[in-house]
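The values are calculated or read from the model by the stated rules, or taken from the named source; none is laboratory data. Predicted model only: the values in this text are computed from it and were never measured. Quick reminder, even Gly has a Cβ in these numbers, built from the backbone with ideal geometry, and neighbours come from all protein chains shown. Ligands, DNA and RNA are excluded from the accessible area calculation, which covers all protein heavy atoms including side chains. Shrake-Rupley method; radii C 1.70, N 1.55, O 1.52, S 1.80 Å.
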Amino acid sequence: MATGPSELIDESTGRLVPEHDYTQMAETLVTWFNTPEELARKSAAAVASTQRFSAENIWQKWNEVLS
């Protein structure tokens with residue numbers, strides 16, 4: 001089971017880079033800024049993935065746990 005940032009970010013929504021790996025972070029950003037369609041896809045996927053954490057979904061999960 002993924003936890004922390006890896007629970008929120010995957011290759012469809014973004015990319016996790018190792019801490020202090022500024023070269024990999026810069027390369028990733030340059031790649032995305034040079035491919036606006038890919039950046040738009042990742043942005044849309046990230047927004048869509050936030051629905052897992054909507055108040056309605058969280059309330060439903062709590063009800064399942066407490067029932």
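Taking the stretch 1-13 as the region of interest, how many residues are assigned to a loop (DSSP other than H, G, I, E, B) and loosely packed, with under 12 Cβ neighbours inside 10 Å? Break it down stepwise before answering.
So in the stretch 1-13, the residues assigned to a loop (DSSP other than H, G, I, E, B) come out as 1-4, 9-13.
From what's left, loosely packed, with under 12 Cβ neighbours inside 10 Å: 1-4, 11.
The total comes to 5.
Consider the stretch 32-42. How many of its residues are over 12 Å from ARG15 (Cα atoms) and part of a helix (DSSP H, G or I)?
Looking only at that region, the number is 7.
Answer with yes or no whether LEU16 is out of contact with any Gly (no Cβ under 6 Å at 6 or more places or on another chain), open to solvent by less than 100 Å² (accessible area, probe 1.4 Å) and assigned to a loop (DSSP other than H, G, I, E, B). Break it down stepwise before answering.
Numbers: out of contact with any Gly (no Cβ under 6 Å at 6 or more places or on another chain): yes; open to solvent by less than 100 Å² (accessible area, probe 1.4 Å): yes; assigned to a loop (DSSP other than H, G, I, E, B): yes.
Criteria met by LEU16.
The conditions are (1) at pLDDT 95 or above; (2) open to solvent by 100 Å² or more (accessible area, probe 1.4 Å); (3) not charged (D, E, K, R), and LEU66 fails exactly one of them. Which is it?
(1)
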